[in-house]
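A.B. asks: Input: one structure, supplied below.
The values are calculated or read from the model by the stated rules, or taken from the named source; none is laboratory data. Model, not experiment: these values are computed from the prediction. Neighbour counts are summed over all protein chains in view; Cβ atoms, including those assigned to glycine, are modelled from backbone coordinates with ideal geometry. For accessibility, only protein heavy atoms count, side chains too; no ligands or nucleic acids. Shrake-Rupley method; radii C 1.70, N 1.55, O 1.52, S 1.80 Å.
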Amino acid sequence: MHLIIQFFRELSKEKMRMFLTVSAIAWGAANVVLLLSVGEGLGRQMRRGFHGMGENIMIAFPGQTTKPYAGFGAGRSIRVREDDLPLLERRVPEIAQYSAEWIRDVDLKVGEKIQREDALGVYPVYGELRNILPESGGRFIDKLDMDRRRRVIVLGNELRDDLFGAGAEAVGRTIMVNNIPFTVVGVMQKKMQTSCYSGHDKDDSFIPSTTFQTMFSPEYVRNVVFRPRSVAEAPAAKEGFYRVMASRYRFHPEDKETFWVWDTIEMGAIAGKVFIGIELFLGVIGALTLLVGGIGVANIMYVIVKERTREIGIKIAVGARPSVIIVQFVLESLLTVAIGGALGIGLALSLVKGINLIPISHEAMEFLTRPVFSSLLALVCISLLGVIGLLSGVFPARRASTVDPVEALRYE
Amino acid sequence: MIELEKVSKVYRMGTVPVVALDGVSVEIAAGEFVSVLGPSGSGKSTLMHLIGCLDTPSGGTYRLDGRRVEGLKRNDLAEIRNRKIGFVFQNFNLLGYATALENVELPMVYKKMRGRERKSKALELLGLVGLGDRAVHRPSELSGGQRQRVALARALANDPEIILADEPTGNLDSQSGREIVQLFRKLHQAGKTVIVVTHDKTIAAETRRVLNLFDGKLVSDSPNH
């Protein structure tokens, strides 16, 4: 208590210097919080965008063989027939769900408006695999649509905006697909998607694969989307896919060029490391700024020690142990850092809140304007402040504790 | 019991060694009232700092109650200063920002005495030196004589055996000086060892024993009645 009172006396004596020091710490702390929050927000947005295409899925595109096998030369194109896909389910227990996928350019017509866009023939499970969730009032393709080859269509949200007007109710309305009437059964919810392989889902339309076949009679599947039972089983699922396809289409099971598999799980893991790297980088920049503030605190503490030499001498003369003197000065610098840190964190938090209130006008800004402050970040900042407070106090305090009392008592 | 045996102290001023004390041997028994006389530069302040464990000798041995001081750690020296010795300085050396009461409490803070006990003891001591009504005043609001009495109360805080005073009346008018000397005499009568460093012969005349220092050497040691 005695020490805290003394601190505030010191504070009032050294107003300007203290103000500047506290500001430096506040600025440093605010930097750490802001940079880490922006980094965290950036990471989260990137992960979200990344998952826009679907979480934990693999997309397999047929390619060409590169090794001769069983009498076939290299360079043979692999073509996948839909009838063979149930083998995946039967022979690879690690694959939980799959959907074949076809794609065609079609003319979409509503009233007098005509637009040429992709129509995708897919299974009902495709919606779940690829994170295509219907807006309320709508649905994705279902089993009955498949069985009855219904002429139903699910629209991407921007395609709906283009055809029916922004945000207009489209479910239940009729749309001409290559001059065949289809009923809109669902519109995709707006989502963030940063990776894709056949255009963004917001511009595409989706119809039952059975209906697609009736219309276009494609011989081969364009690509297969599948999801492993768990992330841990992903490599086994991938291996299983190659194994089944190799035995069916007679290519070398180790010939990985036969299919190009986009493994979002592996990519996600790599991206995760990159995000951590970015956050660390931002954190280090912030910490360096804070360090400058810490040097400021150490500096003022040295000045205070010098100015209070006589006082230190008095205390030593009446029996203060060196440790008491050290504790006094360390506490003072900790208190300075605590006040500055609290101000800085408060400032940064209100900035984070404020930035989050800014409406997003540009997609790129979505990555920078959604900073997130978490309790983990708070912990990082507070421990960083603690370490800096201690370090900037310990050295001046040690100097203080070694003051020669005889000299100090003569000091004016 | 203070025993100094051929104690010397050499300071270094830049590269030049300065001999402040040169082989001083003296014993002061518990309860004595001693003055140390000498012109400035004679080493009397150094002697007081050594006796008070603020400094350690460069040569010779110093025993305090039979315990050699030279080898003691800083914490042990702090404890000796805290419990066994009370200092009174020429320029008072009070904490400017603290009240008279807080100043007197300080040694008790370092003894880890409880707040309530500390406060009542400090008030009692301020009463003893005649400043019971000045407890919440800052040093700047007190006269020189009052300040020195606060310093004396602080010196008595942990009931030390030895009171060391370095030119205690040097900054005081003669009236205040006499009051302080009266207080020293009272303390001596109460059984404390009182050692007063001074160059004022009238103060020395009040003590029971006079040590004369010159050029760092003890030139005379005479009883005084």
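A.B. asks: With unit charges on the beta carbons (Lys and Arg positive, Asp and Glu negative) and the dipole taken about the Cα centre of chain A, which residue among A:Ala70, A:Tyr126, A:Ile312 sits farthest to the positive side?
C.D. replies: Farthest towards the positive pole: A:Ile312.
A.B. asks: Moving on. Which of the helices in chain A meet the span-like rule: DSSP H, Cα axial reach of 30 Å or more, Kyte-Doolittle mean at least 1.0?
C.D. replies: Working: long enough: A:15-51 (52 Å, 0.49); A:264-307 (63 Å, 1.57); A:322-357 (52 Å, 1.69); A:375-401 (37 Å, 1.63).
Long hydrophobic helices here: A:264-307, A:322-357, A:375-401.
A.B. asks: How high is the FRET efficiency between A:Glu169 and A:Asp105 when r is their beta carbon distance and R₀ equals 25 Å, given to the nearest 0.05?
C.D. replies: E(calc), rounded to 0.05, equals 0.40.
A.B. asks: Also, I was wondering about something else. Over chain A, with a Gaussian network built from C-alpha contacts below 10 Å, which listed residue (A:Ser392, A:Ser350, A:Ser209) shows the highest mean-square fluctuation?
C.D. replies: Among A:Ser392, A:Ser350, A:Ser209, the largest mean-square fluctuation in the Gaussian network model of chain A belongs to A:Ser350.
A.B. asks: Under 12 Å from the Cβ of A:Thr211, count the other residues' Cβ atoms, weight Lys and Arg +1, Asp and Glu -1, and hand me the total.
C.D. replies: Numbers: positive: A:Arg104, A:Arg148, A:Arg149, A:Arg150, A:Arg151; negative: A:Asp145, A:Asp147.
That works out to +3.
A.B. asks: Hey, can you list the residues from the range B:39-81 whose accessible area shrinks by 30 Å² or more with all protein chains present, relative to the chain by itself (probe 1.4 Å, no ligands or nucleic acids)?
C.D. replies: Buried by 30 Å² or more upon assembly, which counts only protein chains, are B:His49, B:Leu54, B:Arg74, B:Asn75, B:Ala78, B:Arg81.
A.B. asks: Related question: Looking only at the protein assembly as shown, where both bridge partners belong to it, what percent of the DSSP beta bridges are antiparallel (to the nearest 5)? Please report the intermediate quantities before stating the final value.
C.D. replies: Values: 57 of 83 bridges.
Close to 70 percent.
A.B. asks: Beyond 31 Å, how much of the Cα-Cα pair distribution for the range B:2-223 remains, as a whole percent?
C.D. replies: Here the long-distance tail beyond 31 Å is 20 percent of all Cα pairs in the range B:2-223.
A.B. asks: From the cross-link list B:Lys112/B:Lys217; B:Lys111/B:Lys201; A:Lys109/A:Lys190; A:Lys306/B:Lys44; A:Lys113/A:Lys238, which pairs have alpha carbons spaced over 32 Å apart?
C.D. replies: Values: B:Lys112/B:Lys217 40 Å; B:Lys111/B:Lys201 36 Å; A:Lys109/A:Lys190 22 Å; A:Lys306/B:Lys44 27 Å; A:Lys113/A:Lys238 44 Å.
Over 32 Å Cα-Cα: B:Lys112/B:Lys217; B:Lys111/B:Lys201; A:Lys113/A:Lys238.
A.B. asks: Classify the range A:196-270 as rounded, prolate or oblate from the Cα gyration tensor: take a ≥ b ≥ c as the square roots of its eigenvalues, call it rounded if a/c is under 1.5, otherwise prolate when a/b beats b/c and oblate if not.
C.D. replies: oblate
A.B. asks: Taking the Cα centre of chain A as origin, work out the dipole magnitude from +1 charges on Lys and Arg Cβ and -1 charges on Asp and Glu Cβ, in debye rounded to 20.
C.D. replies: Magnitude of the dipole: close to 760 debye.
A.B. asks: Can you give the alpha-carbon Rg of the range A:79-250 over 2.2 N^0.38 Å, where N counts its residues? Before the final figure, lay out each step's value.
C.D. replies: On the way: Rg = 16.7 Å, N = 172, 2.2 N^0.38 = 15.6 Å.
Dividing the Cα Rg of the range A:79-250 by 2.2 N^0.38 Å gives 1.07.
A.B. asks: Quick one: dipole size for the range A:81-179, taken about the Cα centre, charges +1 on Lys/Arg Cβ and -1 on Asp/Glu Cβ, in debye to the nearest 20.
C.D. replies: 360 debye
A.B. asks: Can you give the charge dipole size of chain B about its Cα centre, rounded to the nearest 20 debye, using +1 on the beta carbon of Lys and Arg and -1 on the beta carbon of Asp and Glu? Display every interim value, and only then the final one.
C.D. replies: Details: 32 positive and 26 negative charges, 127 e Å.
Here the size comes out at about 600 debye.
A.B. asks: Compare the Cα positions of A:Pro235, A:Val327, A:Ile207 along the charge dipole of chain A (+1 at Cβ of Lys, Arg; -1 at Cβ of Asp, Glu; about the Cα centre) and return the one farthest towards the positive end.
C.D. replies: About the Cα centre, the residue reaching furthest to the positive side is A:Val327.
A.B. asks: Could you state the accessible area per residue of the protein assembly as shown in Å², with a 1.4 Å probe and every protein chain left in place?
C.D. replies: Normalised by residue count, the accessible surface of the protein assembly as shown is 46 Å².
A.B. asks: Can you tell me how the range B:170-225 classifies by the Cα gyration tensor, rounded, prolate or oblate, using a/c under 1.5 as the rounded cut?
C.D. replies: oblate
A.B. asks: Return one number: the angle in degrees, 0 to 90 and rounded to the nearest 10, between the long axis of the Cα atoms of helix B:174-189 and the longest principal axis of the Cα atoms of chain B.
C.D. replies: Between the helix axis and the principal axis of chain B, the angle is about 80 degrees.
A.B. asks: Once the Cα gyration tensor of the range A:239-335 is diagonalised, what are the square roots of 5 times its eigenvalues, in whole Å and ordered largest first, as equivalent ellipsoid semi-axes?
C.D. replies: Each semi-axis is the square root of five times an eigenvalue, giving 69, 14, 7 Å.
A.B. asks: Based on alpha-carbon centroids, what's the gap between the range A:126-195 and the range B:191-205 in Å, whole number please?
C.D. replies: Rounded to whole Å, the Cα centres lie 106 Å apart.
A.B. asks: So which residue, out of A:Met245, A:Met16, A:Met46, gets the largest mean-square fluctuation from a GNM of chain A using Cα contacts under 10 Å as springs?
C.D. replies: The residue with the greatest mean-square fluctuation here is A:Met16.
A.B. asks: Which percent of the accessible heavy-atom area of the range A:23-71 goes to carbon and sulfur, probe 1.4 angstrom?
C.D. replies: The value for the range A:23-71 is 58 percent carbon and sulfur by accessible area.
A.B. asks: With all protein chains present, how much of the accessible area of the range B:112-225 (probe radius 1.4 Å) comes from carbon and sulfur, to the nearest whole percent?
C.D. replies: The computed percentage sits at 48.
A.B. asks: Follow-up. Do you know which residues of the range A:292-321 lose at least 50 square angstrom of accessible area in the protein assembly compared with their chain on its own, with a 1.4 angstrom probe?
C.D. replies: A:Ile314, A:Ala317, A:Val318, A:Gly319, A:Arg321
A.B. asks: Moving on to the next point. Running Debye on the protein assembly as shown with equal point scatterers at the Cα sites and no solvent, what base-10 log of I(q)/I(0) appears at q = 0.06, 0.07, 0.12 Å⁻¹?
C.D. replies: Cα-only, vacuum Debye calculation for the protein assembly as shown: -0.59, -0.65, -1.17.
A.B. asks: Once you place label points 7 Å from the Cα toward the Cβ at A:Ile180 and A:Lys273, how far apart are they in nm?
C.D. replies: Modelled inter-label distance: 4.8 nm.
A.B. asks: Given a 1.4 angstrom probe, I'd like the percentage of the accessible area of the range A:79-250 that is carbon and sulfur, rounded to a whole number.
C.D. replies: For the range A:79-250, the apolar C and S fraction of the accessible surface comes to 46 percent.
A.B. asks: Further, regarding this structure: How many Å² of accessible surface get buried when A and B come together, counting both sides, probe radius 1.4 Å, rounded to the nearest 100?
C.D. replies: In total, this chain pair buries about 2100 Å².
A.B. asks: Additional query: Amide H neighbours of A:Gly319 under 5 Å, counting only residues 5+ apart in sequence or on other chains, H built in-plane at 1.01 Å?
C.D. replies: Those qualifying (amide H under 5 Å, at least 5 residues apart or on another chain) number zero.
A.B. asks: Under a Cβ-Cβ cut-off of 15 Å, what is the net charge of the residues other than B:Ser40 that fall near it, where Lys and Arg count +1 and Asp and Glu count -1?
C.D. replies: -1
A.B. asks: Rank these residues by their accessible area, most exposed first, probe 1.4 Å: A:Asp255, A:Asp161.
C.D. replies: A:Asp161, A:Asp255
A.B. asks: Separate question: Report, in whole Å, the centroid distance computed from the Cα atoms of the range A:321-354 and the range A:20-46.
C.D. replies: First find each Cα centre; the distance between them is then 16 Å.
A.B. asks: For a quick check, take a GNM of chain B with Cα springs below 10 Å and name the residue from B:Ala155, B:Ala100, B:Ala30 with the largest mean-square fluctuation.
C.D. replies: It is B:Ala30.
A.B. asks: While we're here: Projected onto the charge dipole of chain B (+1 at Lys/Arg Cβ, -1 at Asp/Glu Cβ, origin at the Cα centre), which of B:Ser174, B:His137, B:Ala205 gives the Cα projection farthest towards the positive end?
C.D. replies: Positive-most Cα among the choices belongs to B:His137.
A.B. asks: Could you work out the local net charge near B:Asp22, counting Lys and Arg as +1, Asp and Glu as -1, over the other residues with Cβ closer than 14 Å to its Cβ? The partial results should precede the final answer.
C.D. replies: On the way: positive: B:Lys6, B:Lys9, B:Lys44, B:Lys217; negative: B:Glu5, B:Asp215.
Charge balance in the 14 Å sphere: +2.
A.B. asks: List the residues of the range B:103-120 for which accessible area in the full set of protein chains is at least 30 Å² lower than for the chain on its own; 1.4 Å probe, protein heavy atoms only.
C.D. replies: B:Leu106, B:Tyr110
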